[in-house]
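The values are calculated or read from the model by the stated rules, or taken from the named source; none is laboratory data. The shown structure was predicted, so the numbers you read here are calculated from the model rather than taken from an experiment. Don't worry about glycine lacking a Cβ; one is built from the backbone with ideal geometry, like all the others, and counts go over all protein chains shown. To get the accessible areas, we keep the full protein, side chains included, count just its heavy atoms, and leave off ligands, DNA and RNA. Shrake-Rupley method; radii C 1.70, N 1.55, O 1.52, S 1.80 Å.
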Amino acid sequence: MMEMAPGLVLDSADSSDPEIAGKHMYSDESYSMKVVNLANVMSNEHDNCKQFFNTKMPELVSGTTKEKSQYNVLGIGSGPGEMDLYILSAIQKFRPDLKISSETIEPNHTQIELYKANLFKIPDLRGVTFTWHEKTTAQYRQDGKQNKEFKKFDLIHMIQMVYYTTPIKETLEFFISCLSPEGKLIITIITGDSGWNKLYKRHKWLSQEDYCMDLCSEDITAILDTIPVRYETHDIDSYFDITECFVEGSDVGGMLLDAVTEKLHFAETAPADIKAKIMEDLQSPEFSVRRDGKILLDTRVKAIVVG
C-alpha cells in the first residue's frame with residue numbers, strides 16, 4: 001500500500017534528496033553494529049525465527065538426506081552468523097551422523113570475522129566444514145557464470161536480506177538453480193500488512209537507491225509465481241519494542257529510531273516536520289500496538305519455503 005502522508009510533500013526527488021533521506025545508518029559500520037545488536041535485543045524476531053526452524057527442520061532435512069552422507073548449506077548475507085549457526089545446530093540435532101558443508105556469502109569482512117568468533121562459542125558443531133565468500137550476491141553469480149560451474153545446495157537461506165540485493169528476480173532465479181533436486185530455499189521477509197512495511201510504503205524517502213526496504217513477502221511470492229516454482233509460506237509473529245524512542249533525550253531511543261528508519265542519527269539530523277510525522281505514525285494503531293505499557297512496532301515476517 002502506498003499512501004501520501006498528510007502535510008509531507010513527497011515527489012520523485014525525495015529518495016535522493018540528502019536533506020530528507022539523510023545518511024544511511026550503515027555508513028558508520030561500528031555504530032550500525034551497535035544499533036543492530038540493540039534492535040535484536042528489543043525484538044522477538046530472532047527467537048521466533050529460531051522456533052520456526054526448530055519446528056520445520058525435520059521436514060526440511062528428511063526429504064533431502066535419505067541417500068546422502070553430506071548436506072550442503074548456503075547462507076546468504078549471514079552477517080555474524082547467529083541464525084546460520086542455529087540452523088546448522090538444528091540440522092545436526094536431527095541428523096547427528098550427517099556431514100555438513102556450510103558456505104556463506106557475506107561481503108563485509110568484519111561480519112565474517114564476527115561469524116568465525118561466534119563459531120568458536122559452539123563446540124558441538126563437529127563434522128561441519130565452513131567456507132566464507134567475501135563478496136556480494138551479484139559477484140557470486142558473476143563468478144559462477146564465468147566459471148560455468150554452480151555448486152548445488154540442499155538448503156539455501158536468505159534471512160531478512162533480500163532487501164539488499166538487486167536485481168531481485170534474477171537473484172532468486174539464480175539461487176533456485178543452485179538447489180539440489182530436493183533442495184529448499186528459505187526466504188524470511190517482512191509482510192505487506194505489517195506496521196514496518198506500511199511505514200516504508202508511506203515514507204518512500206526512507207529507502208536508499210541501492211536498497212528495497214519497502215519490499216515485502218507479497219512482492220516475493222508475486223515474483224515466484226512468474227518463474228514458476230513450488231513454494232509455501234509460514235507466518236512468524238514479530239514485534240519490536242520502540243517504547244524508548246518516545247523518551248526525550250534517551251540514547252537508547254535514538255538508536256532504536258535509527259534502527260527503524262535505517263538513518264544515521266535520525267533524531268538529530270532529520271527536519272523537525274519529518275521527524276514529527278514519523279514519531280506520530282510509529283505511535284498509530286496502524287503501525288504499532290500498545291501492550292503492558294509498551295509500544296510495539298508490528299514487524300511480522302513470512303518464511304517462504306521454495307522447492
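Only one entry in ALA272, ALA303, ALA267, ALA259 is of a type in the set (A, V, I, L, M) and surrounded by fewer than 16 Cβ atoms within 10 Å (Cβ to Cβ), namely ALA272.
Looking at region 275-286 only, could you name the residues that are farther than 14 Å from PHE240 by Cβ, open to solvent by 20 Å² or more (accessible area, probe 1.4 Å) and touching a helix residue (DSSP H, G or I) at 6+ places or on another chain (Cβ under 8 Å)? LYS275, MET279, GLU286, listed by residue number. From the list VAL252, VAL289, exactly one residue is more than 25 Å from TYR164 (Cβ to Cβ), of a type in the set (Val, Ile, Thr), open to solvent by 20 Å² or more (accessible area, probe 1.4 Å) and in a strand (DSSP E or B). Which is it? After applying the criteria, what remains is VAL289. With the condition kept exactly as written, say whether any residue in region 106-117 is aliphatic (A, V, I, L, M), assigned to a loop (DSSP other than H, G, I, E, B) and either at pLDDT below 95 or in contact with an Asp or Glu (Cβ under 7 Å, 6 or more places away or on another chain) (or both). No. Quick check: is even one residue across region 9-24 at pLDDT 80 or above, open to solvent by 40 Å² or more (accessible area, probe 1.4 Å), of a type in the set (D, E, K, R) and outside any helix (DSSP H, G or I)? Yes, region 9-24 has at least one match. Quick check on region 138-160: of everything there that is basic (Lys, Arg) and open to solvent by 30 Å² or more (accessible area, probe 1.4 Å), which residue is nearest to LYS302 (Cα to Cα)? That would be LYS152. Can ASN72 be described as under 22 Å from THR165 (Cβ atoms) and over 15 Å from the mean Cα position of the chain (by Cα)? Judged against the criteria, ASN72 is a match.
Selection of first residues in region 216-231 that are loosely packed, with under 11 Cβ neighbours inside 10 Å and of second residues that are part of a loop (DSSP other than H, G, I, E, B), restricted to Cβ pairs under 8 Å at least 6 apart or on distinct chains, gives the following pairs, ordered by first then second residue: ARG230/GLY307. In summary, VAL301 fulfils each of the numbered conditions (1) under 19 Å from GLY22 (Cα atoms); (2) in contact with a Ser or Thr (Cβ under 6 Å, 6 or more places away or on another chain) with the single exception of condition (1). Among residues of region 193-214 being in contact (Cβ under 8 Å) with a residue 24 or more places away in the chain, touching a Ser or Thr at 6+ places or on another chain (Cβ under 9 Å) and open to solvent by less than 20 Å² (accessible area, probe 1.4 Å), the one that is farthest from THR233 (Cα to Cα) is TRP205. Is it true that LEU172 is at pLDDT below 95 and hydrophobic (A, V, I, L, M, F, W, C)? Spelling it out, it is not the case that LEU172 is at pLDDT below 95 and hydrophobic (A, V, I, L, M, F, W, C). Only one of the numbered conditions (1) open to solvent by 50 Å² or more (accessible area, probe 1.4 Å); (2) among the hydrophobic types (A, V, I, L, M, F, W, C); (3) modelled with pLDDT of 95 or more is not met by ILE122, and that is (3).
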